[in-house]
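Inspection log for the structure reproduced underneath, given as structure tokens.
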Amino acid sequence: SNAHKVRCIMSDSKLLKEFIQVKRTPQKIEILVRKIGWEGPHTPISKWVVAETFPVEASEDKIQDAAKGMLENTKYFLACIECGERNPVGWMHEENLCQGCASSNHGVVY
């Protein structure tokens, strides 16, 4: 559905803002991804990891494409099979089920 597509595009731009960063140093350009881990069941911890490195002369288009491409990287993000929403891996209940659908559709309690 169109509303669904719009929601995914919206959530992708939100994910890009919150979970992906481009860091420039005089030596290189790095794409960082914020990974979510858990310290116990209710304490999310996040840390930035370097996902990809480019030479300083890499084009802006190439950098932006790579940053957006991170959303497709299943090492960092997965889409829920039920709502289609893309989430950081750390927010997924299982590989293809987000926490929201796990609790509302399957009675999982966090």
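The values are calculated or read from the model by the stated rules, or taken from the named source; none is laboratory data. No experiment lies behind these values; they were computed from the predicted model shown. Using ideal geometry, Cβ is built from the backbone for each residue, glycine included, and neighbour counts are taken over all protein chains shown. Quick note on the areas: whole protein, heavy atoms, side chains included, nothing else; ligands and nucleic acids left out. Shrake-Rupley method; radii C 1.70, N 1.55, O 1.52, S 1.80 Å.
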Relative contact order of segment 44-110, defined on C-alpha pairs under 8 angstrom at six or more residues apart (%): 17
Accessible surface of Tyr110 in the full protein assembly, 1.4 angstrom probe, to the nearest 10 Å²? 110
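Just by accessible area at a 1.4 angstrom probe, what is the order of Lys47, Lys28, Lys68 from largest to smallest?
From most accessible down to least: Lys47, Lys68, Lys28.
What is the chain by shape, rounded, prolate or oblate, if you read a ≥ b ≥ c off the alpha carbon gyration tensor as root eigenvalues and call it rounded for a/c under 1.5, prolate for a/b larger than b/c, and oblate otherwise? Please list the in-between numbers first.
Values: a/c = 3.21, a/b = 1.64, b/c = 1.95.
Oblate shape, in that a/c is at least 1.5 and b/c is the bigger or equal ratio.
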What 222 nm value per residue comes from the helices of the chain, counting each DSSP H run with n ≥ 4 as -39,500 (n - 2.57) and dividing by all residues, nearest 500 deg cm²/dmol? -10000 deg cm²/dmol
Check cross-link reach from Lys75 to the lysines: straight Cα distance under 21 Å, and skip same-chain residues fewer than eight apart. Lys14, Lys17, Lys23, Lys35, Lys47, Lys62
In the chain, with Lys and Arg counted as +1 and Asp and Glu as -1 at Cβ, which of these residues, Thr74, Ser11, Pro26, has the Cα nearest the positive end of the dipole, that is, farthest along it? Pro26
Leaving out ligands, DNA and RNA but keeping every protein chain, what accessible area does Ile81 have, in Å² rounded to the nearest 10, with a 1.4 Å probe? 120
